[in-house]
Each structure stands twice: as C-alpha cells, then as structure tokens.
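One structure is given below, encoded as structure tokens.
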Amino acid sequence: MQQDFRNYLKKFPDKKGYFGEYGGVYLEPELAAALEEITIAYKTIAHSAQFINELRRIRKEFQGRPTPVYHCQRLSKQLGTSQIYLKREDLNHTGAHKLNHCMGEALLAKFMGKKKLIAETGAGQHGVALATAAAYFGMECEIHMGAVDIKKQAPNVARMRLLGAKVIPVTAGLQSLKEAVDSAFMAYAKDYKEAIYCIGSVVGPHPFPMMVRDFQAVVGEEARAQFQEMTGYLPDAVVAAVGGGSNAMGIFAGFLNDPVELYGIEPLGRGSEIGEHAASLNYGEIGVMHGFKSIMLKTAEDEPAPVYSIASGLDYPSSGPEHAYLQSIGRVKYAGISDEEALQAFFDLSRQEGIIPAIESSHALAYAMKLARQEDKPGFILVNLSGRGDKDMDFILEKYGDRL
C-alpha cells in the first residue's frame, strides 16, 4: 500500500465534494444552494464539543453502543483454519448500522431549525432508523419506499408507521430503491426550507457521502480497538456488503491506513446480464445520477439500468463516490456474491451460531466464507454484520420455506 491514509478522512472529499473524479453536486442552483447550507451547518457542528458530546451520549444511552465483536467459532471450524469475526451492528438499536447516521443527521436538522426529515429506504432499515430518530427528536418524518419493497419488507413498514412516520409507496418504474430515491428527492425539492433530506447511504450530492461516512466511522473505530483487544492483532481482511455503501465505508474508515485487505461485496443476483444484478463497481461505468458522479450501471441509452438483488437494501444502480475512488486507487477490492451464495450464508450463520443475519449482510458473510476456504487463506477475517434478519423472515418463509 503506497498511499499514506493517516489524514485521509480530513483530505477527502475536497472542498467541492470530490473523491478524485467522483462525487460533487449535480443539481439545479436552488437545490444546490440548500445543500451548501447543509454543508456549512455540518462543518460548523462537526467541530463543536457540544454536538460531539451529545452524539456520544445518544450512542451510549439510546443506541447501545459500542456494539461487540464476536468470534464465530463453530462456523470457522467448518471452514478450516481461518477465523471469522463479526462486528455486531445487528445489535445496534433498530437492528442495523443505519441509526448511526440517522441520529447524527436528525441532530443536525434540529441545529438548522428544520421540522421534517425526508428519506428513501429499500430494505426498510434506514426508514426505521430515521423514523426512530424523528420520534426521539420530536420531528415529522416522511419515508419513500418502492411498492415492491413495501410488500417484501412488511415488518419494517409496520415499524415505521408505529414510530409515527408517513410511508409513501412509490409505484414508478421497478418500484424499488432507485425509484424511492427519485421520489424522495422530488419531495425534498418542494420542501427544502422546512425539511432535510437524510440520505440513507454514502451516495447523493455533497455533503451526504462525507456526512454519512463520518457518522458511520464509529463502526470502524470501535471494531479496530475491539479486535486488537480480543486477539492482539489486526484482522487480515475486513469484508462488508456494498449497495450504496454506508456500512462498508463505516468499517473501512477504521482500517484504511493499516496493512489490512479490504473487500466490498456487491450483489451479483441471478447473473451478469443487465437487470439481473446490481454490481455497479464490477460492471458499471462513470455516470451522473441523483446529483453525484460515480460508477453506475447504464442502459444503451445512457440511462440508469434496471437492477435486481434478493437484498432490497442493495438493489441500487450505482455506489458511493468514495467507493469508486477507493477502487480506482486499488485500496479496496470489490467482488460479488450471488443470491444463492448469500442465502446459503444466511442459513449457515443462523444454524451454526444462532445469529440470523440480514440478507444484505449475508453477502459479506458469504464472501468471507469463500476467503476462508482458499489455499492462501487469511487468518483473521472481520465481517461487518450490518443488520439482523428479522425483517427478512416473511420473505424467506414465503420464498424459501422448504429449506427450513
């Protein structure tokens, strides 16, 4: 590793929101001005002891942080000599890593005097987390969700409504995550003076990729210290699922300057044909979508391509600009896992360790298991278990109940 990453988080993105050639703000002037207001507010409070201490208190007393690192002894034994460890973000309040940035974004919204939180959601974890943050701070909440995902993730939809959020079904296009983002952006454009758009990943126009990464970096900071305390070593490999890429950037942030292999795992779905997967970093090209430049999957007409994944939180036709940059300089390796491989990992972890993972997280686990089986296998493999699988149970029972 040639590049010095010791001050990386301070250097990237640059003042215009770019990670190398990726990122930026590609919006109409009026909406770009609203995002500049968010940028200034974030940079102001990010260096405020009062804000930092309040966020730390919330993480400890409300979220239940730090989440533990867990050694999968039974699963590891079946794979050989490599040892798999999990960063248990499934034990974070609401069942996933998403609350890490949602509480930060909501706290920022209060500082700015906003009254309403608007967001998209795919698997529903971000929607539940933002609805939770809105309830905590006494704010309105509006969640846009594809009609297909509403049916697939019914338990999370019920949780959002119970928490007081208004869930907006999106029936355009493929009725999934990309369309939910389209809908949420339009709603925000009409109400940006009273509301803030709380993007659910390290995607979108600046400053969202930076803010979400910074709020999620607590995962990597905790995991690095915990792993060393447990083993006396750093992991040989860190593995995380990548859709937009928030959980991956969160854990990678703790290890960028270490001699640790980093793996971002995309959904290969049912095959390599357009519309059968959502592996943008493996199959995409440079493009602009939803106000930012990154690597994205395109049609022959240069439009965002249709995508698919068994995991609702991963079926997005692009990924965060920081991921595109880290791939371009070779710091992170991006690979893919199929639906079938993710499903097998889902059942394996459930039965071997008593931990039911989110299908999104199962992609990372499946790749870690592949690494563990290799001849030149790493000794220590740390997986970011980004969420729990409660939300997926209705879908699993309906589609794969015969495997029980």
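The values are calculated or read from the model by the stated rules, or taken from the named source; none is laboratory data. Because the structure is predicted, anything quoted here is derived from the model rather than measured. Counting neighbours? That spans all protein chains shown, and the Cβs are built from the backbone with ideal geometry, glycine included. These area figures cover heavy atoms from the full protein model, side chains too; ligands, DNA and RNA do not enter into them. Shrake-Rupley method; radii C 1.70, N 1.55, O 1.52, S 1.80 Å.
Among the strands (runs of 3 or more DSSP E) contained in region 257-303, which hold 1 or more residues that are closer than 21 Å to Leu27 by Cβ and modelled with pLDDT of 95 or more? Spell out how you get there, then give the answer.
Working: elements: 261-269, 285-289, 292-296.
Counting at least 1 such residues, we get 285-289, 292-296.
Of everything in region 46-77 that is open to solvent by less than 40 Å² (accessible area, probe 1.4 Å) and either free of Cβ contacts under 8 Å to residues at least 40 places away in the same chain or among the polar types (S, T, N, Q) (or both), the residue that is nearest to Leu107 (Cα to Cα) is Ser48. The residues on offer are Gly173, Gly200, Gly220, and the sole one that is open to solvent by 30 Å² or more (accessible area, probe 1.4 Å) and of a type outside the set (A, V, I, L, M, F, W, C) is Gly173. Assess whether Gly264 counts as being under 15 Å from the mean Cα position of the chain (by Cα), of a type in the set (Gly, Ala, Ser), closer than 21 Å to Ala366 by Cβ and buried (at least 24 other Cβ atoms within 10 Å of the Cβ). Spelling it out, Gly264 is indeed under 15 Å from the mean Cα position of the chain (by Cα), of a type in the set (Gly, Ala, Ser), closer than 21 Å to Ala366 by Cβ and buried (at least 24 other Cβ atoms within 10 Å of the Cβ).
Can you find a residue that is buried (at least 24 other Cβ atoms within 10 Å of the Cβ), farther than 25 Å from Tyr85 by Cβ and at pLDDT 95 or above anywhere in region 323-330? Looking through region 323-330, at least one residue is buried (at least 24 other Cβ atoms within 10 Å of the Cβ), farther than 25 Å from Tyr85 by Cβ and at pLDDT 95 or above. The residue that is nearest to the chain's Cα centre (by Cα), counting only those in region 172-213 that are in a helix (DSSP H, G or I) and of a type in the set (Ser, Thr, Tyr), is Ser183.
Scan region 352-379 for residues that are out of contact with any Pro (no Cβ under 7 Å at 6 or more places or on another chain) and crowded, with 24+ Cβ neighbours inside 10 Å and report the count.
Within region 352-379, the subset out of contact with any Pro (no Cβ under 7 Å at 6 or more places or on another chain) is 352-362, 364, 366-370, 372-379.
Narrowing the set further to residues that are crowded, with 24+ Cβ neighbours inside 10 Å leaves 357-362, 364, 366-369.
Looking only at that region, the number is 11.
Any idea which residue in region 96-131 is nearest to Asn53 (Cα to Cα), counting only those that are assigned to a helix (DSSP H, G or I) and open to solvent by 10 Å² or more (accessible area, probe 1.4 Å)? Please lay out each step first, then the result.
Just the residues of region 96-131 that are assigned to a helix (DSSP H, G or I), to begin with: 99-112, 125-131.
Filter once more, so that each one left must be open to solvent by 10 Å² or more (accessible area, probe 1.4 Å): 107, 110-112, 125.
Working: Leu107: 12, Lys110: 15, Phe111: 14, Met112: 18, Gln125: 25 Å.
Among them, the one singled out is Leu107.
Within region 324-338, none of the residues are polar (S, T, N, Q), touching a Ser or Thr at 6+ places or on another chain (Cβ under 9 Å), under 20 Å from Leu177 (Cβ atoms) and touching a residue at least 12 places away in the same chain (Cβ under 8 Å).
Conditions (1) within 29 Å of Met211 (Cα to Cα); (2) of a type in the set (Lys, Arg); (3) at pLDDT 95 or above; (4) touching a strand residue (DSSP E or B) at 6+ places or on another chain (Cβ under 9 Å), marked per residue:
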site	(1), (2), (3), (4)
Asp315	yes, no, no, yes
Ser350	no, no, yes, yes
Ile356	no, no, yes, yes
Ser361	yes, no, yes, yes
Tyr367	yes, no, yes, yes
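Right, Gly354: under 16 Å from the mean Cα position of the chain (by Cα) and of a type in the set (Gly, Ala, Ser) or not? So Gly354 fails the test.
Scanning region 373-382 for residues that are closer than 19 Å to Tyr334 by Cβ and not polar (S, T, N, Q) turns up Pro378, Ile381, Leu382. Looking at the structure I just gave you, is Phe347 open to solvent by 10 Å² or more (accessible area, probe 1.4 Å) and in contact with a Pro (Cβ under 7 Å, 6 or more places away or on another chain)? Judged against the criteria, Phe347 is not a match. Listed conditions (1) without any contact (Cβ under 8 Å) to a residue 40 or more places away in the chain; (2) open to solvent by 20 Å² or more (accessible area, probe 1.4 Å); (3) touching a helix residue (DSSP H, G or I) at 6+ places or on another chain (Cβ under 6 Å) are all met by Ala165, apart from (2). Quick check on Gly320: is it at negative phi, in contact with a helix residue (DSSP H, G or I) (Cβ under 7 Å, 6 or more places away or on another chain) and either surrounded by fewer than 20 Cβ atoms within 10 Å (Cβ to Cβ) or not basic (Lys, Arg) (or both)? Spelling it out, Gly320 is indeed at negative phi, in contact with a helix residue (DSSP H, G or I) (Cβ under 7 Å, 6 or more places away or on another chain) and either surrounded by fewer than 20 Cβ atoms within 10 Å (Cβ to Cβ) or not basic (Lys, Arg) (or both).
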